[in-house]
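For reference, the structure discussed in these notes is given below.
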Amino acid sequence: MFALLTMIGSGVQAQDFESANDAVKNMGVGWNLGNTLDANNQKVSDITNDTYWGQQGLESETCWGQPTATRKFIQMMKKAGFTAIRVPVTWYNHMDKDGNVNAAWMNRVKEVVDYVVGEGLYCILNVHHDTGADSKDASGKVTGYHWIKADANNYANNKAKFEKLWKQIAETFKDYGQTLVFEGYNEMLDGNSCWNYPTWYSNGQGYDANYAKKSLQTINSYAQSFVNAVRATGGNNATRNLIVNTYAATSGGVWGTNTHPQEPLEQLVLPTDKTKGHLIVEVHSYPNITSGISSAKSGLDWTFNNLRDKLIKRLNVPVIVGEWGTSNVDNGSDYIDRRQTMIEFCDYFVKKAKQNNIATFYWMGLSDGTSRSQFVFNQPDLAETITKAYHGSSFKGEYPTADISDETVVFEGEQLLEWGSAIQLPANLFTNLDNTTTAKITYVQQYAQFEKDGDRYGMLQFWYGDWTETISFIADGKTYKGDFTPADVYGTGSGTEHTTTFSFDATTFQNFKKKGMLFQGHGILVKKVVLDNPAGIKTAVKTENHDNAIYNLAGQRVLNPQKSIYIKKGKKYILK
């Protein structure tokens, strides 16, 4: 009875969490839920304007074209063999100017974290695009600003707000178990947005040792603030494993005689922590594989040896690669143009990391964009390679794919094309199709409603999904570049319905696999789009019933096709 009363009187004690070394070992093989909770769209880039803060609501989750995260999707990743999920989150667009996080946003973040830990997976939760490289337009005006920087003045101005942010996150999750790990910041850069190391080709100037030293010291200051803020909240946060990143999350390097890329590793100082053995260091790695697999393997050998010497041994700390892939992983060209090399590279990367007791989190592919709403992999062979590299060749994972067949409907509804709008077919839709595939579009010439004579015409254009250029195509045996005007081709007027089959050359189709396809126009009402794959993969079309709506293969809601329409807005694309 005395012992029981003593326990009650002392209050709830923090759990004795596993060590950082054990956590990294148990994380195993991970994946990033990227471009989701980290997605953001700055309408205001002036940090001195109070409206910079809290610019978006819950719609930000889909503003980069990804569907909302679901537990069913996390279950798919688990069945494939992934044992950990990194959940990147951007916060500035959901905070007020005083640093208070919007309650609805915090609840949504909590929902997604619950999906991950509820499936028994490790979850890394971070502060993501609050750091990063600023962007400017041609006139030098800032068009994208990141408020957390490896800059002494920035730290002095934002220390309180940064610590307040982490206090709110930590309080929300203080009772969560050891499978939830916090990461203080993502790829933090200096005031000049220099990658790899501070002042790297900054404004055309040379290396400034004093400036670089101060920038790297600021990283250490932010890391200490992060640890202090989390530990101060108590509960399970007193022993929770915490992650700090190197400058730009760089994994180091030596470029000829240039050793400056090593400095972010060499000058990283672990935060002082009253809880011993619960800190982890994170780096990112995106090697170039265009020179072949032998060169890529040699580079990886050097990188892992360097991480062992500069971080693991020097600091006596475990390391994770929180993001990795290839230098062309975002544009898809490595997977499309040199797939076998990429497969071998990924296999070697995961095995080499495991040998060095380093956990890995792939960025991000595998199931991207509309594939996530289908609960399928658009890069199933790559997903299988990564998980089997960790678990062993006999591992039996599940890697569902979207089946493609002849006459696959990818859009059905009614959408009037006008300037600046387009129907977009994502790149992953074309991944396993060949260049015999055609696009059969049913549409109506619909322009009688326009008052000006100059607007009384209908036309259609094909573009790559990134809007880089219009595309040549073949229709009714004739090659077109730019506009396709039914009135000129068929001699018909407004109100006439047509079904036209469009085909493309091999180079164009290869680019669809990396960039996707879109079509825009004027005075054209699109009713149906069908991909006909007569010589390609012959399997059955697959749809999913989700949230009382039917999604077709392109991830579009058949009952509400407007959800799939993208609006061109400068260089940004948002869901209508």
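The values are calculated or read from the model by the stated rules, or taken from the named source; none is laboratory data. Fair warning: this is a prediction, and the values are worked out from it, not measured in the lab. With ideal geometry, Cβ positions are generated from the backbone for all residues, glycine too; neighbour counts draw on all protein chains shown. Please note that ligands, DNA and RNA were not included when accessible areas were found on the heavy atoms of the full protein model with its side chains. Shrake-Rupley method; radii C 1.70, N 1.55, O 1.52, S 1.80 Å.
Mind checking whether some residue in the range 261-283 is modelled with pLDDT of 95 or more, in contact with a helix residue (DSSP H, G or I) (Cβ under 8 Å, 6 or more places away or on another chain), polar (S, T, N, Q) and within 23 Å of D334 (Cβ to Cβ)?
No - not one qualifying residue is present in the range 261-283.
Go through the residues of the range 16-23 one by one and say whether even a single one is modelled with pLDDT under 95, surrounded by fewer than 17 Cβ atoms within 10 Å (Cβ to Cβ) and not hydroxyl-bearing (S, T, Y).
Taking every residue of the range 16-23 in turn, at least one turns out to be modelled with pLDDT under 95, surrounded by fewer than 17 Cβ atoms within 10 Å (Cβ to Cβ) and not hydroxyl-bearing (S, T, Y).
Give me the pairs: first residue in the range 441-464 and closer than 17 Å to S503 by Cβ, second residue among the aliphatic types (A, V, I, L, M) and part of a loop (DSSP other than H, G, I, E, B), beta-carbon distance under 6 Å, and six or more apart or on different chains, which are they?
F462/I471
Is there any pair linking a residue in the range 478-502 that is touching a residue at least 60 places away in the same chain (Cβ under 8 Å) to one that is open to solvent by less than 60 Å² (accessible area, probe 1.4 Å) and among the polar types (S, T, N, Q), with Cβ under 7 Å and at least six apart or on different chains, and which?
Listed by first residue and then by second, the contacts come to T501/T438; F502/T438.
If you take the residues of the range 448-488 that are charged (D, E, K, R) and part of a strand (DSSP E or B), which of them is surrounded by the fewest Cβ atoms within 10 Å (Cβ to Cβ)?
Looking at the filtered set, the residue picked out is K478.
With the requirement that a residue be in contact with a strand residue (DSSP E or B) (Cβ under 7 Å, 6 or more places away or on another chain) and on the phi < 0 side of the Ramachandran plot, what does the range 331-385 give you?
F349, V350, A353, I358, A359, T360, F361, Y362, W363, M364, S373, Q374
Give me the pairs: first residue in the range 313-334 and under 19 Å from A249 (Cβ atoms), second residue of a type in the set (D, E) and in a loop (DSSP other than H, G, I, E, B), beta-carbon distance under 9 Å, and six or more apart or on different chains, which are they?
E323/E187
Just the residues that are within 16 Å of F73 (Cβ to Cβ) and among the polar types (S, T, N, Q), please, taken from the range 27-50.
Those that are within 16 Å of F73 (Cβ to Cβ) and among the polar types (S, T, N, Q): N32, N35, T36.
Identify, please: which residue in the range 67-91 is among the aromatic types (F, W, Y) and closer than 20 Å to I243 by Cβ and is, among those, surrounded by the fewest Cβ atoms within 10 Å (Cβ to Cβ)?
F82
Check whether at least one residue in the range 317-337 is modelled with pLDDT of 95 or more and open to solvent by 50 Å² or more (accessible area, probe 1.4 Å), and report yes or no.
no
May I ask you to list pairs of residues, at least six apart or on different chains, whose Cβ atoms are under 6 Å apart, with the first in the range 273-293 being closer than 16 Å to W195 by Cα and open to solvent by less than 50 Å² (accessible area, probe 1.4 Å) and the second being modelled with pLDDT of 95 or more and outside any strand (DSSP E or B)?
V283/T246; V283/A249; V283/S251; H284/A249; S285/S251; P287/A296; P287/G299
Considering only residues that are of a type in the set (S, T, N, Q) and part of a loop (DSSP other than H, G, I, E, B), look in the range 65-86 and name the one that is nearest to the chain's Cα centre (by Cα).
Q66
Report, ordered by the first and then the second residue, all pairs with beta carbons closer than 9 Å, sequence separation of six or more or different chains, a first member in the range 79-99 that is within 10 Å of L125 (Cα to Cα), and a second member that is of a type in the set (G, A, S) and in a loop (DSSP other than H, G, I, E, B).
R86/G34; V87/A69; P88/G34
Got a number for residues in the range 406-439 being under 16 Å from K528 (Cβ atoms), open to solvent by 20 Å² or more (accessible area, probe 1.4 Å) and over 28 Å from the mean Cα position of the chain (by Cα)?
The qualifying residues number 7.
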